[in-house]
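Undergrad: Right, I'll just put the structure down here and ask away after.
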There are 2 protein chains.
Amino acid sequence: MKRFGWIGQLKPPMTRKYIDLHANTWPAVLRRNKDCHLENYSIFHKELPDGTHLLFSYVEYTGDNFEADMRRMAADPEVQRWWAECKPCFEPIENLPPGEVWALMEPVFYQQ
Amino acid sequence: MKRFGWIGQLKPPMTRKYIDLHANTWPAVLRRNKDCHLENYSIFHKELPDGTHLLFSYVEYTGDNFEADMRRMAADPEVQRWWAECKPCFEPIENLPPGEVWALMEPVFYQQ
């Protein structure tokens, strides 16, 4: 099993939309997450004093081919519709590949 | 069980020290984490393009009195020595209570 941490940044006027979307994540997206071996999946939000809205995403990948599972996810029309709703909420935090909004973090510590 | 996400910020010149400390976390600190019901505990780091160093900490609390466990942790002399090493590495991200360096985030999404 592999743990991933990603950081993202929301456009302040889009924060409410992003939070509301995730309070009622579409069942097809949840099914595809499971099918692609993403487990114990959390997203947290924090507004900083300067008005920056940060997201942190934590997930445990339990499959054996992450790239293939992510390609399968990206090919799902329902997931594509979901991302079309979510991605405009982001202010990419660094120079990411086209279409990417989450930046991978480096693990520093782990204790079981 | 309750999941917590915290965000922290490191002073750039202290980043290496913080990472090195956590690559060899003291056994007494690890024992106290376990004893205080902190499990599946990860810390991630990301340097942003503007030179900001962010930390994200994810932990699962499996006890039934978080405040009492945290008081017990704070009373441990070895933990106090550990924090005396770690806390000077932080640039508190907002106006936190005295001695605090991690800011609690809000959960937005969870899937088992």
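The values are calculated or read from the model by the stated rules, or taken from the named source; none is laboratory data. Please read these numbers as outputs of a predicted model, since none were measured by experiment. Don't worry about glycine lacking a Cβ; one is built from the backbone with ideal geometry, like all the others, and counts go over all protein chains shown. Accessible surface areas use protein heavy atoms only, side chains included; no ligands, DNA or RNA. Shrake-Rupley method; radii C 1.70, N 1.55, O 1.52, S 1.80 Å.
Undergrad: Name the single residue that is most open to solvent (accessible area, probe 1.4 Å) among those in segment B:35-45 being on the phi < 0 side of the Ramachandran plot and at the interface with chain A (Cβ under 8 Å from one of its Cβ atoms).
TA: B:E39
Undergrad: Take A:P27 and decide whether it is more than 10 Å from chain B (Cβ to nearest Cβ), of a type outside the set (S, T, Y) and either out of contact with any strand residue (DSSP E or B) (no Cβ under 9 Å at 6 or more places or on another chain) or open to solvent by 20 Å² or more (accessible area, probe 1.4 Å) (or both).
TA: When the stated conditions are applied, A:P27 passes them.
Undergrad: For the subset of segment B:9-24 comprising residues that are among the aliphatic types (A, V, I, L, M) and open to solvent by 10 Å² or more (accessible area, probe 1.4 Å), which member is farthest from the other protein chains (Cβ to nearest Cβ)?
TA: Once the filter is applied, the top-ranked residue is B:M14.
Undergrad: May I pose another question? Kindly indicate which of A:P92, A:P97 is in contact with an Asp or Glu (Cβ under 8 Å, 6 or more places away or on another chain), open to solvent by 30 Å² or more (accessible area, probe 1.4 Å) and modelled with pLDDT under 95.
TA: After applying the criteria, what remains is A:P92.
Undergrad: Would you confirm whether or not segment B:64-86 contains a residue that is out of contact with any Cys (no Cβ under 9 Å at 6 or more places or on another chain), within 11 Å of another protein chain (Cβ to nearest Cβ) and surrounded by 14 or more Cβ atoms within 10 Å (Cβ to Cβ)?
TA: yes
Undergrad: Another question, then. Would you say A:E94 is acidic (D, E), at negative phi and touching a strand residue (DSSP E or B) at 6+ places or on another chain (Cβ under 7 Å)?
TA: Yes.
Undergrad: Look through A:K46, A:K34 and report the one residue that is under 21 Å from B:M105 (Cα atoms) and of a type in the set (K, R).
TA: Residue meeting the stated conditions: A:K46.
Undergrad: Continuing with the same structure: A:W6: closer than 21 Å to B:V59 by Cβ, surrounded by 13 or more Cβ atoms within 10 Å (Cβ to Cβ) and of a type outside the set (S, T, N, Q), yes or no?
TA: yes
Undergrad: While we're looking at this one, here's another question. If you scan segment B:87-97, which residues turn out to be without any contact (Cβ under 8 Å) to a residue 40 or more places away in the chain and within 11 Å of chain A (Cβ to nearest Cβ)?
TA: Within segment B:87-97, B:E94, B:N95, B:L96 meet the criteria.
Undergrad: What pairs come out if I take residues in segment A:98-112 that are more than 11 Å from chain B (Cβ to nearest Cβ) and pair them with residues that are acidic (D, E) and surrounded by 12 or more Cβ atoms within 10 Å (Cβ to Cβ) whose C-beta lies under 9 Å away, six or more apart or interchain?
TA: Hits for this filter: A:V101/A:E91.
Undergrad: Among the listed residues B:L48, B:L55, which satisfies the condition of being under 15 Å from the mean Cα position of the chain (by Cα), open to solvent by less than 50 Å² (accessible area, probe 1.4 Å) and within 13 Å of chain A (Cβ to nearest Cβ)?
TA: Step by step, each of B:L48, B:L55 is checked, and only B:L55 is under 15 Å from the mean Cα position of the chain (by Cα), open to solvent by less than 50 Å² (accessible area, probe 1.4 Å) and within 13 Å of chain A (Cβ to nearest Cβ).
Undergrad: Is there any pair linking a residue in segment B:62-80 that is of a type in the set (A, V, I, L, M) to one that is outside any helix (DSSP H, G or I) and modelled with pLDDT of 95 or more, with Cβ under 6 Å and at least six apart or on different chains, and which?
TA: B:M73/B:C36
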